[in-house]
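Engineer: This is the structure I have questions about; it appears just below.
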Amino acid sequence: MTFKDFLNFDKLIAAQATRLLYWLGIAAILLYIFGMITGAVGTMNYNAGLGVLQFLVAIFALVFAIVFWRVICEMFLTLLSMNDRLKEIRDGRPGGTTPTQGQI
């Protein structure tokens, strides 16, 4: 990638940035769930049933949040790959086929 490509938005850098944001999001989710579990253990000191319920909700939230975050990142990457494929079709590269005069 040249600097000209960067300035003209010919090459998108969002795909690489999405991978970094994915892992930062996973770290944020894990920190939040750790806080929920810590709160659940604290609640168990005065109400065991409510603490166990909070713990189960934290585990469910962990699974749901990680799957949801993965789906969001995959949708973004899909949009970016569609942009790349459309550029290949426009430019007539081997990745995309363009009809010739005899095929139309």
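The values are calculated or read from the model by the stated rules, or taken from the named source; none is laboratory data. Given the structure is predicted, the values throughout are model-derived calculations rather than measurements. Note that each Cβ is placed from the backbone with ideal geometry, even for glycine, and that neighbours are counted across all protein chains shown.
Engineer: Among the residues of region 9-17, is any within 20 Å of LEU62 (Cα to Cα), out of contact with any Lys or Arg (no Cβ under 7 Å at 6 or more places or on another chain) and among the basic types (Lys, Arg)? Quick ask: steps written out before the conclusion?
Structural biologist: Going through region 9-17, the residues within 20 Å of LEU62 (Cα to Cα) turn out to be none.
Within region 9-17, none of the residues are within 20 Å of LEU62 (Cα to Cα), out of contact with any Lys or Arg (no Cβ under 7 Å at 6 or more places or on another chain) and among the basic types (Lys, Arg).
Engineer: Which members of region 66-95 meet the condition of being under 11 Å from the mean Cα position of the chain (by Cα) and free of Cβ contacts under 8 Å to residues at least 40 places away in the same chain?
Structural biologist: Start the filter on region 66-95 by keeping residues that are under 11 Å from the mean Cα position of the chain (by Cα), which leaves 66-78.
Once the filter is applied, which keeps residues that are under 11 Å from the mean Cα position of the chain (by Cα) and free of Cβ contacts under 8 Å to residues at least 40 places away in the same chain, region 66-95 yields VAL67, PHE68, VAL71, ILE72, GLU74, MET75, THR78.
Engineer: Quick one: LEU62 ticks every box in (1) under 30 Å from ASP84 (Cα atoms); (2) surrounded by 10 or more Cβ atoms within 10 Å (Cβ to Cβ) except a single one, so which number is it?
Structural biologist: Looking at each condition in turn, LEU62 falls short on (1).
Engineer: Take region 1-58 and flag every residue that is touching a residue at least 24 places away in the same chain (Cβ under 8 Å) and of a type in the set (Val, Ile, Thr).
Structural biologist: Hits for region 1-58 are THR18, ILE26, ILE29, ILE33.
Engineer: Kindly provide the set of residues from region 46-104 that are farther than 30 Å from ILE26 by Cβ, at pLDDT 80 or above and polar (S, T, N, Q), ordered by number.
Structural biologist: ASN47
Engineer: While we're on this one: Tell me, yes or no, whether region 12-32 has at least one residue that is modelled with pLDDT under 95, more than 11 Å from the chain's Cα centre (by Cα) and not in a helix (DSSP H, G or I).
Structural biologist: Yes, the conditions are met somewhere in region 12-32.
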